[in-house]
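Shown next, in C-alpha cells, is the structure this report addresses.
The values are calculated or read from the model by the stated rules, or taken from the named source; none is laboratory data. All values derive from a computational prediction rather than experimental measurement. Cβ sites come from the backbone with ideal geometry, for glycine too, and all protein chains shown count toward neighbours. Areas reflect the complete protein model, heavy atoms only, side chains present, ligands, DNA and RNA absent. Shrake-Rupley method; radii C 1.70, N 1.55, O 1.52, S 1.80 Å.
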Amino acid sequence: MILDDLVSGTPFVCGPDTSLREVAAGLSARGHGSAGVVDGRELVGVITERDLVRAITAGADLESEPARRWMGAEPDIFE
C-alpha cells in the first residue's frame, strides 16, 4: 500500500518504536490526526489521536510506550 494514496499533502510517519510522546508532538506540530507507522519502507500500522487518548487513559508511560503497542495494525483494510 502506498501511504500517499491514503492522505493528501505530506503524511506524517514514525517508526514502530517511536514513543507515544514523540508521536503526539509530531501530530501536534503538523496539525495531523494520525500518523503512518512504517518499518523500513512498509506501512505496518496507523496511530491516531484516539489511540493516544486510549493509551493515556490506560495509564501508559508516554515516554517509553512505543507506537507499535497502540497502533491499528491492519492498514490494508483501507484498500
### Residue check, V7 at pLDDT below 95 and part of a strand (DSSP E or B)
no
### Query
Can you name the residue in the stretch 26-54 that is outside any strand (DSSP E or B), small (G, A, S) and in contact with a strand residue (DSSP E or B) (Cβ under 9 Å, 6 or more places away or on another chain) and is also modelled with the highest pLDDT among such residues?
G26
### Message
Being without any contact (Cβ under 8 Å) to a residue 60 or more places away in the chain, among the hydrophobic types (A, V, I, L, M, F, W, C) and open to solvent by less than 30 Å² (accessible area, probe 1.4 Å) is the requirement here; does L27 meet it?
### Response
yes
### Selected residue (only one of E22, E63 is surrounded by 12 or more Cβ atoms within 10 Å (Cβ to Cβ) and modelled with pLDDT of 95 or more)
E22
